[in-house]
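Asks: Quick one: the structure is below, questions incoming.
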Amino acid sequence: NDDYYHSSYTGKVTIPSTVTYNNVTYTVTSIGNHAFDSCTTLTSVVLPSTVTSLGYQAFVDCLSLKSVSIPNSVTFIDCDAFNGCSALSSITLPNRLTTIKYGTFSVCTALKSITIPSSVTSIESYAFSGCTGLTAVSFPNSVVSIGDFAFYGCSYLATISVPNSVKTIGDGAFLGTAWYESQLNGVVYVGNVAYKYKGTAIGTNIEIQSGTTAISPAAFLNCSGILSVTIPNSVTSIGERAFRGCSLTSLSIPNSVTSIG
């Protein structure tokens with residue numbers, strides 16, 4: 001159902017696997033865009049194993065939604081599906097999901113636990129931004145990219161475990177987290193990615209550590225005190241604006257680099 005603001009949905013809702021209309025039985029395979037948009041008194045939802053997709057903003061701003069049972073039949077959850085569900089404290093994602101889309105769980109401030117299945121390869125921008133209840137996140141070895149501001153403003157996120165499978169980490173992905181605040185000044189690494197230069201550089205020469213595979217977007221943005229950077233031949237990509245605003249007098253880009261943002 002694509003209509004907005006179904007305030008009549010309240011309490012626990014169990015979606016049936018089939019619906020009969022005009023003597024014709026239909027299988028429920030998807031939850032439409034905005035289906036439960038702003039159902040502020042909806043507390044829980046159980047989805048049948050016939051459902052394969054959740055639409056854009058399907059449960060956005062369901063302020064009282066505490067639990068959602070998502071079957072493993074679901075392979076696609078669209079952008080902002082649970083954005084603003086501030087009572088949602090935990091979620092187990094289906095094990096056939098490959099992408100956590102833009103803003104899926106943004107501002108889910110009560111979210112303390114998230115299980116990311118080994119099917120997930122990409123976490124898009126703002127996926128968990130503003131989830132102030134998150135304290136720890138572990139990424140499976142399947143994940144290769146984490147988008148811009150994916151965990152931005154997760155102020156109590158103190159522990160992250162990022163595998164070497166991750167090749168790209170976006171601008172501000174962990175900005176405003178307890179983990180980032182606890183890092184020492186200098187180049188901050190996340191897995192094998194040079195994520196961000198922390199602190200003030202004055203007449204500094206940077207040597208990226210061996211084994212680094214990528215330099216994140218905006219990694220050294222406006223670090224005017226950085227004069228030179230040595231990049232090892234393990235690096236394959238350099239993100240957009242990586243050295244914008246630096247005072248580079250020397251830079252050698254190895255043949256291993258295949259992408260410059």
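The values are calculated or read from the model by the stated rules, or taken from the named source; none is laboratory data. As the structure is a prediction and not an experimental result, all values here were calculated from the model. Quick reminder, even Gly has a Cβ in these numbers, built from the backbone with ideal geometry, and neighbours come from all protein chains shown. Side chains are part of the model used for accessible areas, which takes the heavy atoms of the whole protein and leaves out ligands, DNA and RNA. Shrake-Rupley method; radii C 1.70, N 1.55, O 1.52, S 1.80 Å.
Asks: Given (i) 118; (ii) 161; (iii) 267, which label gives volume of the Cα convex hull per residue in Å³ as computed from the coordinates?
Replies: So the calculated entry is the one marked (i).
Asks: What value, in deg cm²/dmol to 500, does the helix sum -39500 (n - 2.57) over DSSP H runs of n ≥ 4 give at 222 nm once divided by the residues of the chain? Walk me through the intermediate numbers first.
Replies: Details: 1 runs with 4 residues, N = 261.
It comes out at 0 deg cm²/dmol, rounded to the nearest 500.
Asks: I've got another one for you. If the elastic network links every pair of Cα atoms under 10 Å, which of Thr168, Thr104, Thr159 fluctuates the most in the Gaussian network model of the chain?
Replies: The residue that fluctuates most here is Thr159.
Asks: Residue separation times 0.36 nm, minus the C-alpha to C-alpha distance between Ser155 and Asn222: what's the value? Present the calculation step by step, with values, prior to reporting the outcome.
Replies: Working: separation 67, 0.36 × 67 = 24.12 nm, distance 2.41 nm.
So the extension gain works out to 21.7 nm.
Asks: According to a simple spin-label model (label point 7 Å from Cα along Cα-to-Cβ), what is the distance in nm between Ser49 and Lys198?
Replies: 4.6 nm
Asks: Considering all projection directions equally, how large on average is the shadow of the alpha-carbon convex hull of region 139-255, in square nanometres?
Replies: On the way: hull surface 26.8 nm².
Average projection, Cα convex hull of region 139-255: 6.7 nm².
Asks: Another question about this same structure. Give me the percent of the accessible area of region 1-152 that comes from carbon and sulfur atoms, probe 1.4 Å, all protein chains in place. Walk me through the intermediate numbers first.
Replies: Working: 3240 of 6610 Å².
Its accessible area is 49 percent carbon and sulfur atoms.
Asks: Any chance you could run the full-extension gain for Ser67 through Thr40? It's 0.36 nm times the residue separation minus the Cα-Cα distance, nm to one decimal. Can you show the working numbers first?
Replies: Numbers: separation 27, 0.36 × 27 = 9.72 nm, distance 1.35 nm.
Taking 0.36 nm per residue and subtracting the Cα distance, the gain is 8.4 nm.
Asks: Here's a follow-up. Please find, in a Gaussian network model of the chain (springs between Cα atoms separated by less than 10 Å), the residue of Thr25, Thr121, Thr43 whose mean-square fluctuation is greatest.
Replies: Thr25
Asks: Under 8 Å for C-alpha pairs, at least 6 residues apart: give me the relative contact order for the chain, rounded to a whole percent. Let's see the in-between values first.
Replies: Working: 811 pairs, mean separation 23.3, N = 261.
Averaging sequence separation for qualifying contacts and normalising by length gives 9 percent for the chain.
Asks: Okay, which of region 68-90 sit inside 18 Å, backbone N to the point 7 Å along the Cα-Cβ direction of Lys12?
Replies: Under cut-off, by backbone N: 68-71, 88-90.
Asks: Sticking with this one: Among 53-65, 107-119, how do they line up by average Cβ neighbours within 10 Å per residue, starting with the highest?
Replies: Numbers: 53-65: 21.2, 107-119: 17.2.
Output ranking for 53-65, 107-119: 53-65, 107-119.
Asks: Connecting C-alpha atoms closer than 10 Å in a GNM of the chain, tell me which of Thr213, Thr27, Thr52 has the biggest fluctuation.
Replies: Checking each option, the largest mean-square fluctuation is seen for Thr27.
Asks: Within 10 Å, count the other beta carbons around each residue, average over each peptide in 199-212, 75-88, and list them highest first.
Replies: Details: 199-212: 13.7, 75-88: 21.4.
Result, highest mean first: 75-88, 199-212.
Asks: With a cut-off of 8 Å between alpha carbons and a minimum separation of six or more residues, what is the relative contact order of region 147-251 in percent?
Replies: Working: 238 pairs, mean separation 22.8, N = 105.
This gives 22 percent for region 147-251.
Asks: While we're on this one: Taking the Cβ-Cβ separation of Ile260 and Ala110 as r and a Förster radius of 35 Å, what is the calculated FRET efficiency to the nearest 0.05? Numbers along the way, then the final one.
Replies: Values: r = 41 Å, r/R0 = 1.17.
For Ile260 and Ala110, the calculated efficiency is 0.30.
Asks: Rounded to the nearest whole Å³, what is the per residue volume of the convex hull around the Cα atoms of region 6-87? It would help to have the intermediate numbers written out before the result.
Replies: Working: hull volume 6.6 nm³, N = 82.
Output value, Cα hull per residue: 81 Å³.
Asks: Ok, one more. If I take every Cα pair under 8 Å that is 6 or more residues apart in region 79-203, average their sequence separation and divide by the length, what percent do I get for the relative contact order? Walk me through the numbers on the way to the answer.
Replies: Numbers: 349 pairs, mean separation 22.2, N = 125.
With pairs under 8 Å counted, the relative contact order is 18 percent.
Asks: Here's another thing I want to ask about it. Skipping prolines and chain starts, which residues have an amide H placed within reach, meaning under 5 Å, of the one on Ile226, given they are 5 or more residues away or on another chain?
Replies: The answer is Thr204, Ser247.
Asks: Ranked highest first by the average count of other Cβ atoms within 10 Å around their residues, in what order do 146-154, 15-23, 31-39 fall?
Replies: Details: 146-154: 24.0, 15-23: 9.3, 31-39: 21.0.
The most tightly packed comes first, giving 146-154, 31-39, 15-23.
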